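Data first, discussion second: the structure below is written as structure tokens.
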Amino acid sequence: MGPSGSGKSTLLHCLAGIIRPDSGTVRYATHPLSDLSDARRSALRRTDFGFVFQFGQLVPELTCLENVALPLRLNGTRRKPAERQARDWLERLEVADVAAKRPGEVSGGQGQRVAVARALAPRPRVVFADEPTGALDSLNGERVMGLLSDAARATSAAVVLVTHEARVAAYADREVVVRDGVAREMAGAA
Ligand SMILES: Nc1ncnc2c1ncn2[C@@H]1O[C@H](COP(=O)(O)OP(=O)(O)OP(=O)(O)O)[C@@H](O)[C@H]1O
Ligand SMILES: [Mg+2]
């Protein structure tokens with residue numbers, strides 16, 4: 001958590017190896033990400049990491065179903081099983097009805113749920129989620145958080161989540177506050 005512009009998205013992008021920090025080291029499974037080649041880092045993002053971006057995350061030319069199937073296809077899953085799994089995830093996130101639509105034809109909240117489905121479908125070890133409930137009303141926000149944390153528990157994945165909402169933060173085991181680019185762990189967080 002932290003004020004707008006404090007560096008939350010930047011921190012998430014550093015942790016996921018999307019951008020390189022100016023100083024400090026990000027280690028994943030003991031390996032500093034900076035030691036990996038660009039190709040290895042991209043591979044890691046495909047196999048081990050899932051990302052729900054704050055803005056514009058879906059491929060506009062693909063249907064919602066194809067968007068969710070995309071990371072599975074990139075990992076070598078054949079089209080039919082990839083689309084079957086994608087449909088399962090859309091059902092779990094309760095947006096199966098928009099499977100054939102393109103992102104431009106669905107609401108912000110539906111698009112966000114499709115993006116969560118796409119991040120979870122390859123069963124990543126770590127899910128990075130940048131305000132995944134920002135476009136949802138509080139009821140749907142809690143629903144998506146419930147689904148996200150259930151899916152993460154079922155696959156023993158870690159979730160690193162940015163949020164402005166205390167109700168969403170309440171799902172976390174640890175709370176870190178970022179202010180002016182400095183991260184600080186909250187004492188006594190759940
Ligand atoms: N690509 C970029 N190049 C240069 N500066 C950037 C870039 N992206 C963000 N910044 C700056 O870095 C700071 C942190 O931005 P960041 O997007 O991490 O904030 P945030 O905490 O995610 O904010 P919000 O809650 O509004 O999403 C801001 O001052 C921003 O203007
Ligand atoms: Mg941000």
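Just so you know, all these numbers are worked out from the coordinates, no wet-lab data involved. Bear in mind that the values here come from a model prediction, so they are computed numbers and not experimental data. Here the Cβ positions follow ideal geometry from the backbone for every residue, glycine too, while neighbour counts run over all protein chains shown.
Charges only on Cβ, +1 for Lys and Arg, -1 for Asp and Glu: so what's the dipole of region 79-136 about the Cα centre, in debye to the nearest 20? Mind dumping the intermediate values first?
On the way: 11 positive and 8 negative charges, 77 e Å.
Around 380 debye, computed over region 79-136.
Gap in Å between the Cα centre of region 123-179 and the Cα centre of region 6-34?
19 Å
Using only alpha-carbon positions, what ratio does the radius of gyration of region 116-184 give when scaled by 2.2 N^0.38 Å?
Computed over Cα atoms of region 116-184, the ratio equals 1.10.
Pick from Ala100, Ala82, Ala135: which is most flexible by mean-square fluctuation in a GNM of the chain where alpha carbon atoms under 10 Å apart are linked?
Ala100
Measure off 7 Å from each Cα along the Cα-to-Cβ vector at Asn140 and Asp88, then give the distance between these two points in nanometres to one decimal.
Result for the modelled spin labels: 2.5 nm.
Output the relative contact order of region 1-47, whole-number percent, from Cα pairs under 8 angstrom with separation of 6+ residues.
About 25 percent, as a whole number.
Expressed as a fraction of 2.2 N^0.38 Å, the rule-of-thumb size for a compact globular protein of N residues, what is the C-alpha radius of gyration of region 1-68?
Taking N as the residue count of region 1-68, the ratio is 1.28.
Could you give P(r) for the chain, binned at 10 Å from zero, as whole percent values over all Cα-Cα pairs?
9, 36, 37, 16, 2
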